[in-house]
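In what follows, a structure is listed as structure tokens, so that the remarks can point back to it.
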There are 2 protein chains.
Amino acid sequence: MGEPTLRIVAFGGLGDIGRNMAVLEWDDDMIIVDVGIMFPEEEMLGVDLVLPDFTYVRERAHKLRGIFLTHGHEDHIGGVPYLLREVKAPVYGARLTIGLVEVKLAEHRLQNEAALNVVEPGEVIHAGAFEVEFFTVAHSIPDSCGLIIHTPLGPVVHTGDFKLDHTPVMDQHTDLTRLGQVGADGCLLLMADSTYADTEGYTPSEELVGEALSNIIHKAPGRVIIATFASQIARVQQIVDGAVSAGRKVFVTGRSMVDNVAMARRIGYVQAPEGIFVGVEEMRRVPNKDLVVVTTGSQGEPTSALTRMAQGDHRHIQIQEGDTVVISANPIPGNETAVARNVDNLFRLGANVLYNRVANVHVRGHASREELKIIQSILQPEYFVPVQGEYRHLVAHAQLAESVGVPKGNAFVLTDGDVLEIDENQAGIVDKVPSGYVYIDGLGIGDIDQHILRDRAHLSRDGFLVVIVPVDKETSQVAGDIEILTRGFVDRSDNEAIIEEAKRVVLKTLTGAAHLAEIGGINTQIRDAMSKFIYDRTRRKPMVLPVTVEV
Amino acid sequence: MGEPTLRIVAFGGLGDIGRNMAVLEWDDDMIIVDVGIMFPEEEMLGVDLVLPDFTYVRERAHKLRGIFLTHGHEDHIGGVPYLLREVKAPVYGARLTIGLVEVKLAEHRLQNEAALNVVEPGEVIHAGAFEVEFFTVAHSIPDSCGLIIHTPLGPVVHTGDFKLDHTPVMDQHTDLTRLGQVGADGCLLLMADSTYADTEGYTPSEELVGEALSNIIHKAPGRVIIATFASQIARVQQIVDGAVSAGRKVFVTGRSMVDNVAMARRIGYVQAPEGIFVGVEEMRRVPNKDLVVVTTGSQGEPTSALTRMAQGDHRHIQIQEGDTVVISANPIPGNETAVARNVDNLFRLGANVLYNRVANVHVRGHASREELKIIQSILQPEYFVPVQGEYRHLVAHAQLAESVGVPKGNAFVLTDGDVLEIDENQAGIVDKVPSGYVYIDGLGIGDIDQHILRDRAHLSRDGFLVVIVPVDKETSQVAGDIEILTRGFVDRSDNEAIIEEAKRVVLKTLTGAAHLAEIGGINTQIRDAMSKFIYDRTRRKPMVLPVTVEV
């Protein structure tokens, strides 16, 4: 063992959006930045959520000095309850972030297991060899922070998710002044948000959205129904401000929106004059032209309030001619089709629908290329690691960093499990540790593997046939009727002929077989004969599963 | 019966992209414009293609005077072979369109069943009460046409898919002069492309793409690999031109690209000096810096050439450092994730990847709002029907039409099965006829229903358990071991305990039952008890299917 080195281990948010987690180690001390969760991709059939692999952290649990959370979005805090089942460590974050973690821990009945600590911007937390300082950044959820992590080799700046909004809601700017000091003193390593690293220019200010929403609320002839993310508390404040100035009441619907707005009002993050918010009964008495509805469902989620409205089966809101529906969000990749379907259905019901393609009703929460260059120029880091983005964004961000001053070869694109080691003189990727997707399905964590997912994919395309063959255990002969059970393949009532013929194919296969007792071999023969028969007749490939029942 | 009326029946491409088909009727004469096919949406599990419902046409087959095709894209011609199995009628289209239909009919072994007619722009086809005139339009496939359909009430203009490109490849302009004449004489009804009716401004010219591709080909340090749609013959010509001017050879890969380029060269739609195109063997001898590869896979299709390259398993092309990959297409809605994954994987293999977000390597093939206004201004139609678009695009297009001159109330948004009737004095939607999705899965046409799709969705989420209970037919008692067969639910080897416990649950259920012979009732009891047990233990809901086998 030589001198200690600084090790940065990447666990997600690197190569795909979500599961953001980074581990920093120095000698016998370790800290974690963010513990995110990813929503399943299309081919992860039936999977509810995707966690980072905690093996590496678990094996070094004794070194863990703290878990630091940049902000309260799921892809940064969603994995905390799962991690805290495996390791114990104090958790640090700003007020709203910790508030959201508390809710989450309560759901998991872990509220008494965790030491949660609310940190103010500017505060410094001692965590072994690390001193971690929080600084404010502008992003789409209040209390977003970046971290200045002071290490024995110098400061590491982790931006969290951020943009440079000079006219943000609730006055939460990215603290460029503090970053300037760090830059002046010398920044060792910058880890920065890459989500829009392939988008030219600047991200527009939230102020524009506030103005657009206020305009819409003032001019709409009837009800205005606005869908956004439940976590976008500042957007809710903008809507409330617009409603107040237009003399409208506000009704909130959608479970997570109701919960979040209640929580935000309690801690003073959403403010409104007395009597602006109305319940269901009062809402029914408010004329349409005096009402604004704030709802979930901006991503087309199947059971969300907006999707129910679009399908005409929301309990309290029936869409009608004269309604204006605003979708104040961009579709997250993968949700485009579901969002478009809602828009179409809302139009069909007679609403006028405003979405981002036709109106300025949303701006993204992440910095674009020019902003990323500004951060590079202020900090002038020696080394750079792009975080939070898909692989192409990380590459674009690394290229950008080298184009504006990071020495050639000092920008490192890490993927899951990569270990970047930095010492006094140099840095390099030195190791690859266990990492990857851990699937949550129902109560199961990590018990769904590629094999199960392949079976689900097969079943989803063509269904299955189970062939049940009763076999006499004495004579090894077929001893009764062959049964075929099928789902997802063909409508049985219209296709009885194929099923009957399939039974004959099985019988014929068995007639030729010498030893029915050799069940394995027989099953293979039945499967092959059936699969071939079915494919020839239908050009479909259902899963074929023979079962012999000894009688 | 009063005076005859003009009836327009909408069959798709109205409310969703694809399946474009419109029926026009006058008294005892009927014509069809386009017979498209739709690619399945996400929840149409295992479905290969989606057809329009031909019931209405079949029932009026004796009136059918012709099938008119605007251009050769799948969503306009893909359904022709299926329609021609049900009705006989002459088919009309421009040279390339008919060429593509021929290929399709040969695949279906219907080449001798159809009367295919190549029509020149300006030519007029007599079809009963209709006279159908083809005119050129600019679009992303050569030989795209619109139709001027002369009816007893006046001309109906159907644009097909179009944009106003003043510097198109292969000099195919939208024929504004001819449209001006029609407008001057008085246009009864305009049916126009709505795909980009919610996009402000003008669609950029193909010329820009040609310049960008040529630049890339000239400057790239190594191989240039360009993916686009196989039907985008004009784009291929642009690539070939770029390659020729840069002194590079061209290698074509991907089955449909190879076929289409061969066909296009045969009929003179792709032109190149001798020796520009190289085969596999020659390609291997060409230095990387002298090579351009044209390939399929711009949509991230799983088995396409580009996807294979991105996964490192293409037979002839291994991606390497120094390669430049260009994706010269936009992802069709629904394909975003697959395309992004290819981009990421290509970056991982060391390629530099240029896609539309970061370079001008594609323009869309459809008119934007300002172009749509120009068409309205030229034709000044009395009535308007938006076609080719999702519902929100149709609504936006109808609003646009009324904003630039179509009399209020004369723009009709039709959805599948709507019948618009026009007489001397007025127009209105008068009827709704059978229409809807007809699914193709393997050899089956129309045999997949919602029930099967629901089962497939259920299986895709949580798999299934089949519970096999041997029952003595004399005593009605359980007569042997209970067997459980499961796929897609849990990894059986890790979960033997749950399976064994599940068997005991079944046994316990049966012990309480009085009459095992009442098989239906017993099956329900087993299903309920098992489903509850499984959900309590795993929070998953696999399909549970009990089978009693009499022994």
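General remarks:
- Positions within region B:344-398 being among the hydroxyl-bearing types (Ser, Thr, Tyr), within 14 Å of chain A (Cβ to nearest Cβ) and open to solvent by 10 Å² or more (accessible area, probe 1.4 Å), in sequence order: B:Tyr355, B:Tyr391
- Of all residues in region B:459-473, exactly one satisfies the criterion of being more than 7 Å from chain A (Cβ to nearest Cβ) and open to solvent by 80 Å² or more (accessible area, probe 1.4 Å), namely B:Lys473.
- If only residues of region A:187-220 that are among the hydrophobic types (A, V, I, L, M, F, W, C) and under 17 Å from A:Ala359 (Cβ atoms) are counted, the one that is surrounded by the fewest Cβ atoms within 10 Å (Cβ to Cβ) is A:Leu208.
- Among the conditions (1) within 10 Å of chain B (Cβ to nearest Cβ); (2) at pLDDT 90 or above, A:Asn495 misses just one, which is (2).
- Whenever a residue of region B:271-285 is closer than 11 Å to B:His316 by Cα, its partners that are surrounded by fewer than 11 Cβ atoms within 10 Å (Cβ to Cβ), lying with C-beta atoms within less than 9 angstrom and at least six residues away or across chains, give the pairs B:Val280/B:Arg315.
- Verdict on B:Ile67 being in contact with a strand residue (DSSP E or B) (Cβ under 6 Å, 6 or more places away or on another chain) and either within 22 Å of B:Ile8 (Cα to Cα) or not assigned by TED's automatic domain parsing to the domain that holds B:Val124 (or both): yes
- Only residues that are surrounded by fewer than 18 Cβ atoms within 10 Å (Cβ to Cβ) and within 9 Å of another protein chain (Cβ to nearest Cβ) were counted in region A:474-492, giving 4.
- Hey, B:Glu43 assigned by TED's automatic domain parsing to the domain that holds B:Gly128, modelled with pLDDT of 95 or more and not aliphatic (A, V, I, L, M) or not: no
- Residue ID - most open to solvent (accessible area, probe 1.4 Å), chosen from residues in region A:36-59 that are away from every other protein chain (no Cβ under 14 Å) and in contact with a strand residue (DSSP E or B) (Cβ under 6 Å, 6 or more places away or on another chain): A:Asp53
- Enumeration of residues in region A:347-386 that are farther than 19 Å from B:Gln399 by Cα and without any contact (Cβ under 8 Å) to a residue 40 or more places away in the chain: A:Lys373, A:Ser377
- So A:Gly444, is it open to solvent by less than 70 Å² (accessible area, probe 1.4 Å), within 7 Å of another protein chain (Cβ to nearest Cβ) and free of Cβ contacts under 8 Å to residues at least 12 places away in the same chain: yes
- Index of the failed condition, B:Val294 passing every other in (1) open to solvent by 50 Å² or more (accessible area, probe 1.4 Å); (2) of a type in the set (Val, Ile, Thr); (3) closer than 23 Å to B:Phe277 by Cα: (1)
- Failed condition for A:Val544, given (1) facing chain B (nearest Cβ under 10 Å); (2) under 27 Å from B:Asp491 (Cα atoms); (3) touching a residue at least 40 places away in the same chain (Cβ under 8 Å): (1)
- Subset of region A:244-273 [at positive phi and either touching a strand residue (DSSP E or B) at 6+ places or on another chain (Cβ under 8 Å) or buried (at least 21 other Cβ atoms within 10 Å of the Cβ) (or both)]: A:Gly254
- Of the candidates B:Thr136, B:Thr228, B:Thr177, the single residue that is free of Cβ contacts under 8 Å to residues at least 40 places away in the same chain and either outside the structural domain of B:Tyr383 (by TED's automatic domain parsing) or in contact with a Cys (Cβ under 7 Å, 6 or more places away or on another chain) (or both) is B:Thr136.
- A:Thr337 vs. criteria among the hydroxyl-bearing types (Ser, Thr, Tyr) and either buried (at least 20 other Cβ atoms within 10 Å of the Cβ) or touching a strand residue (DSSP E or B) at 6+ places or on another chain (Cβ under 7 Å) (or both): no
- Qualifying position, being surrounded by 22 or more Cβ atoms within 10 Å (Cβ to Cβ) and under 22 Å from A:Lys373 (Cβ atoms), among A:Phe134, A:Phe162: A:Phe162
The values are calculated or read from the model by the stated rules, or taken from the named source; none is laboratory data. In this text the structure is predicted, and so the values were computed from the model without any measurement. Glycine also receives a Cβ, built like all others from the backbone with ideal geometry; neighbour counts cover every protein chain displayed. The area values use the complete protein model at the heavy-atom level, side chains included, leaving out ligands, DNA and RNA. Shrake-Rupley method; radii C 1.70, N 1.55, O 1.52, S 1.80 Å.
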